[in-house]
Amino acid sequence: MGQSNLCLKITFIAVQLFFIACGLALIGVGVWLEIDEQTLVTAIQSQTFLIGPYLLIAVGCGIVLVSVIGIIGAACSKSCNRVLLILYIILVFIIFLAEIAGGILAYIFRAQANELVIDSLRNTIEQYYNKSGNLAETVTRAVNSIQQEFDCCGVGENVTTIWNTATNGTIPPSCCPEEMNPCLDPYTVTCNAAILSSVSQNLLIVATLGVVLIVAEVIVFLLAICLVYSTEYD
């Protein structure tokens with residue numbers, strides 16, 4: 001029983017190290033989104049999206065914390081082993097339910113999310129693009145970066161409408177290849193359409209990562225249960 005218990009512990013700890021790496025990656029992405037001024041989060045300037053980086057950092061910290069609890073529970077003496085592992089099982093189960101609920105809600109409200117991006121980006125461009133002030137300059141750089149990165153222009157149903165109100169009809173150079181000025185032949189795809197297309201193209205990768213994460217959670221959930229019961233016979 002001792003050898004099998006040791007094998008369980010090693011496997012369990014190895015998976016926890018994988019989760020810690022995932023948690024640190026989420027923290028890194030959250031920090032990057034917060035400090036990089038040329039991202040979609042900066043361009044949208046909506047409270048719903050501005051909390052995104054902080055949410056990623058919080059989730060990443062939570063994953064690291066839960067994984068550390070699991071490692072300590074697996075490695076410590078029998079007196080604290082059972083308590084920490086039971087706590088770990090409860091936390092993983094709660095996280096699992098939250099992920100399932102989040103996935104269902106994301107699917108149900110996917111259309112509303114697209115409309116939120118369009119409305120928020122339109123309002124941000126109209127309010128800040130090419131205006132004076134530090135925030136306006138930051139938003140302008142972010143919008144220009146997005147238009148060049150996604151080969152897109154403007155937001156809404158066509159590429160020119162937004163500029164009639166935001167810049168008095170002047171299409172910004174970032175709407176053209178190589179930022180030609182004046183921009184006489186802008187990109188034909190709006191940025192909301194280009195971003196949605198990019199998300200759709202990478203949906204398989206996101207879904208695969210989600211499945212891998214859920215399978216890993218089920219594995220550690222079962223391993224933790226086995227470790228709890230194995231302590232009774234160790």
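Tell me the carbon and sulfur percent of the accessible area for the range 167-234, rounded to whole percent, probe radius 1.4 Å.
Percent of accessible area from carbon and sulfur atoms in the range 167-234: 67.
Mean projected area of the Cα convex hull of the range 152-223, taken over all directions, amounts to 6.8 nm². With respect to the chain, whose longest principal axis is taken over its alpha-carbon atoms, helix 110-128 is tilted by about 50°.
Set against the labelled values (1) 23.6, 78; (2) 24.3, 73; (3) 18.2, 58, Rg and Dmax of the Cα atoms in Å computed from this structure falls on (1).
Axis of helix 78-108 versus longest Cα principal axis of the chain: the two differ by about 30°, to the nearest ten degrees.
For the range 91-133, what does the accessible surface come to per residue with a 1.4 Å probe? Please give it in Å².
Here the per-residue accessible area is 65 Å².
Peptides 137-150, 95-108 ordered by packing proxy, namely the average of other Cβ atoms within 10 Å per residue, highest first: 137-150, 95-108. Helix-only mean residue ellipticity at 222 nm, the chain, DSSP H runs n ≥ 4 weighted -39,500 (n - 2.57), per residue, nearest 500. What is it? Rounded to the nearest 500, it is -25500 deg cm²/dmol.
Given a Förster radius of 30 Å and the C-beta distance between LEU116 and CYS61 as r, what FRET efficiency does 1/(1 + (r/R0)^6) yield to the nearest 0.05? The computed FRET efficiency comes out at 0.70.
If you sort the three axes of the alpha carbon gyration tensor as a ≥ b ≥ c, you get a/c of 1.5 or more for the range 52-131 and a/b no higher than b/c, which makes it oblate. Other residues with beta-carbon under 12 Å from the beta-carbon of GLY70 carry, at +1 per Lys or Arg and -1 per Asp or Glu, a net charge of 0.
Compared with the dominant principal axis of the Cα atoms in the chain, helix 2-35 is inclined by about 20°.
The values are calculated or read from the model by the stated rules, or taken from the named source; none is laboratory data. In this text the structure is predicted, and so the values were computed from the model without any measurement. Here Cβ is always computed from backbone atoms with ideal geometry, including for glycine, and neighbour counts include all displayed protein chains. We work out accessible area using only protein heavy atoms, side chains counted, and drop any ligands, DNA or RNA first. Shrake-Rupley method; radii C 1.70, N 1.55, O 1.52, S 1.80 Å.
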